[in-house]
Amino acid sequence: MNFEFVLDFGTIINIFMSIFYLVTIIIFMSCKIGPFGLKRSICLTSEEIWHKVHVAAGIGTIPFLLISIIAIFLKSFWLKIIIVILLMFMLMFVWDLIVKAVTKEDVKKLKQKEDEELKEQIKKESGWR
């Protein structure tokens, strides 16, 4: 592969995406539940889960930033465009995997808690004291 800095549309898009990834990493490392972030129902259950997921997602975004920076210096315009498109689709897939991996134990705990509450409610409704 030839590395050379050529200012074309592919380079501009990769510079823009590098800035986007960098800002996303910074925001994810410090954001609280609010308008920015991964809006999954499990993430919204507690501040602790929200923070764990977003720190992991921020760390998971670092390779995308590095690949995007490297793509700036590629010579081929079409290769730059293909890399940008692949990274955009892969990022959403990776974030979803991160949410599932990080919250796996929390989902189990919530399910057990719901089951216990359901059993207690059934006991109350059936006349148990």
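The values are calculated or read from the model by the stated rules, or taken from the named source; none is laboratory data. Note that this is a predicted model, so its numbers are computed, not measured. SASA here: full protein model, heavy atoms, side chains in, ligands and nucleic acids out. Shrake-Rupley method; radii C 1.70, N 1.55, O 1.52, S 1.80 Å.
Rolling a 1.4 Å sphere over the protein heavy atoms, what is the accessible area per residue of the chain, to the nearest Å²?
On the way: 8920 Å² over 129 residues.
For the chain, the solvent-accessible area averages 69 Å² per residue.
Show me the helices of the chain, taken as full DSSP H stretches, that run 27 Å or more along their long axis by Cα and average -1.0 or above in Kyte-Doolittle hydropathy. Please report the intermediate quantities before stating the final value.
On the way: long enough: 9-30 (32 Å, 2.10); 47-72 (37 Å, 1.29); 77-102 (37 Å, 2.35); 104-125 (32 Å, -2.27).
TM-like helix candidates: 9-30, 47-72, 77-102.
Shape call for the chain from the C-alpha gyration tensor, a ≥ b ≥ c root eigenvalues: rounded (a/c under 1.5), prolate (a/b greater than b/c) or oblate? Mind dumping the intermediate values first?
On the way: a/c = 4.60, a/b = 3.49, b/c = 1.32.
Taking the square roots of the gyration eigenvalues as a ≥ b ≥ c, the chain is prolate.
Longer than 23 Å from Cα to Cα, which of LYS39/LYS100; LYS80/LYS100; LYS39/LYS119 are they? Say none if no pair is. In this structure, LYS80/LYS100; LYS39/LYS119 lie more than 23 Å apart at Cα.
With an 8 Å cut-off on Cα pairs and a minimum separation of 6 or more residues, tell me the relative contact order of the chain in percent.
Working: 115 pairs, mean separation 43.1, N = 129.
Value for the chain: 33 percent.
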